[in-house]
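Colleague: Handing you a structure now.
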Amino acid sequence: MHRGITVTFPLPARYVAANTPILIAGAGPAGLATAITLARAGREVVVHEAHGEVGYRFKRDLQGLDNWSTPEDVLAVLHELGLTTDFTKLPCCRGYAFDAWGKSYTISSETPIFYLVKRGPGAGTLDTALLTQALQLGVEVRFHSRVRQLKGAGVVATGPKGADMIAVGYHFDTPMQDGFWVICDDNIAPQGYAYLLVMGGKGTLKSCMFSEFKRKSLYVKRTVEAFERLVALEMIDPQPHGGVGNFHLPVTSYSGSQLLAGERAGIQDFLWGFGMREAITSGVLAARSLLDGSDYATRQREALRGVMSASLVNRAAFSLLGNRGYRWFLRYMASQGDIRARLYRHFQPSPLKYLLAPLAHWITQKNLG
């Protein structure tokens, strides 16, 4: 991660000379979405990336690009934002969830609940697709560039600052069929969930836990054993992997005069933890604010704070359920038919969720402590 970055940003972006490069720290989805949006508007952009490749911390992770936040399909939304969808993806309309007693629940929708995508460097990944688009638009990406100061207009999109949750497990090859499986059981993923994702002969298995981080090795072992028992898990050449996430409502969209985007700004899906869609959206909003001089905090609040408040309330409620509550939750969700429509309703903002958000934040922080 980049640390100690400062930005001199004395004037709104509309007053920055057109021939002055706009600088971005971080070449993740948020940073690259910012760069692409600026470059499409004809601005010169330089992206500084501390590592030697995009998606360094994800390696060959499989993740879910959520499709429940809006009625429109997420691929159509990305297209409307001017962003590429030229990456490998698997539409997921049907999967399976298990409770702590091993009972299976079918999760289904007529349209994709989410799209499985590959993260990290390499052909077909979301990160590489965004990088390719940025480079084709003339964006300069400087790898191995851990900047200390960005002079002029800039955006910092360097990933999470700490670990409010961890997702630990393995990447591997597998002969298993494509699909997704989830387990809700505090004995293998405290206050979280375990998941198994398979696409094109590659698999990702993780225990996504919100407490008891010091016992992560035990929970990963239990996760492997559970999926072996429940779905005949087959892992070939498993490689250990882990990641972290922050879970807090952003207090500000700036650090001093810096525009913050993606997980660096606390932008995340608090319930399920991938958050790519929110991160990408925040990058586009940051770019638009730089282009027209509008208030980024207002744009971010109008576009994202409602759904983030709703997901934070969802996260707090989920963390309090316990195994018997998870069983009720899975029964309820499986009985609703179109799960995408149900998730969409649960992720919509409401006056009640705005009121409950501070309490939800307190509950999540208390549980994390």
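The values are calculated or read from the model by the stated rules, or taken from the named source; none is laboratory data. In this text, all values refer to a predicted model and were calculated from it rather than measured experimentally. Here the Cβ positions follow ideal geometry from the backbone for every residue, glycine too, while neighbour counts run over all protein chains shown. The accessibility values were calculated without ligands, DNA or RNA, using every heavy atom of the protein model including side chains. Shrake-Rupley method; radii C 1.70, N 1.55, O 1.52, S 1.80 Å.
Colleague: Using Cα-Cα distances under 8 Å and only pairs 6 or more residues apart, what relative contact order does the stretch 227-337 have, in percent?
Modeller: The normalised contact order for the stretch 227-337 reaches 22 percent.
Colleague: Multiply the residue separation of GLN136 and TRP101 by 0.36 nm, subtract the distance between their alpha-carbon atoms, and state the gained length in nm to one decimal.
Modeller: 7.5 nm
Colleague: Using a 1.4 Å probe on the protein heavy atoms only, what accessible surface does ASP164 show? Give it in Å² to the nearest 10.
Modeller: Its heavy atoms expose roughly 30 Å² to the probe.
Colleague: Among the aspartates and glutamates, which have Cα under 14 Å from the Cα of LYS221 when same-chain residues fewer than 8 positions away are ignored?
Modeller: Within reach: ASP185, ASP186.
Colleague: Measure off, as a whole percent, the carbon and sulfur share of the 1.4 Å-probe accessible area of the chain, all protein chains present.
Modeller: Ligands and nucleic acids excluded, carbon and sulfur give 54 percent.
Colleague: Sticking with the crude label model, points 7 Å out along Cα→Cβ, report the distance from LYS221 to THR20 in nm, one decimal please.
Modeller: It works out to 5.8 nm between the two label points.
Colleague: Moving to a separate point now. Using a 1.4 Å probe and ignoring any ligands, DNA or RNA, find the accessible area of TRP328 and quote it in Å² to the nearest 10.
Modeller: That residue has around 150 Å² of solvent-accessible surface.
Colleague: Here's a follow-up. Limiting things to C-alpha atoms, what are the Rg and the maximum Cα-Cα separation (Dmax) for the stretch 129-193, in angstroms?
Modeller: 19.3, 51
Colleague: At 1.4 Å probe size, with every protein chain present, just tell me what the per residue accessible area of the chain comes to in Å².
Modeller: Here the per-residue accessible area is 42 Å².
Colleague: Helix-only mean residue ellipticity at 222 nm, the chain, DSSP H runs n ≥ 4 weighted -39,500 (n - 2.57), per residue, nearest 500. What is it?
Modeller: Numbers: 9 runs with 123 residues, N = 369.
Value at 222 nm, helices only: -10500 deg cm²/dmol.
Colleague: Order GLU72, GLU80 by their accessible area, 1.4 angstrom probe, all chains in place, largest first.
Modeller: I get GLU80, GLU72, largest accessible area first.
Colleague: Give the distance, in whole Å, between the Cα centre of the stretch 320-369 and the Cα centre of the stretch 181-232.
Modeller: Distance between centres, Cα-based: 20 Å.
Colleague: Restricting to Cα pairs below 8 Å that are 6+ residues apart, what does the relative contact order work out to for the chain? Please round to a whole percent.
Modeller: This gives 22 percent for the chain.
Colleague: Also, quick follow-up: Please work out the FRET efficiency for the pair TYR254 and ALA341, using the Cβ-Cβ distance as r and a Förster radius of 45 Å; give the result to the nearest 0.05.
Modeller: 0.80
Colleague: So, one more: For the pair LYS59 and TYR332, what calculated FRET efficiency results from E = 1/(1 + (r/R0)^6), where r is the Cβ-Cβ distance and R0 = 25 Å, to the nearest 0.05?
Modeller: Rounded to the nearest 0.05, the efficiency is 0.10.
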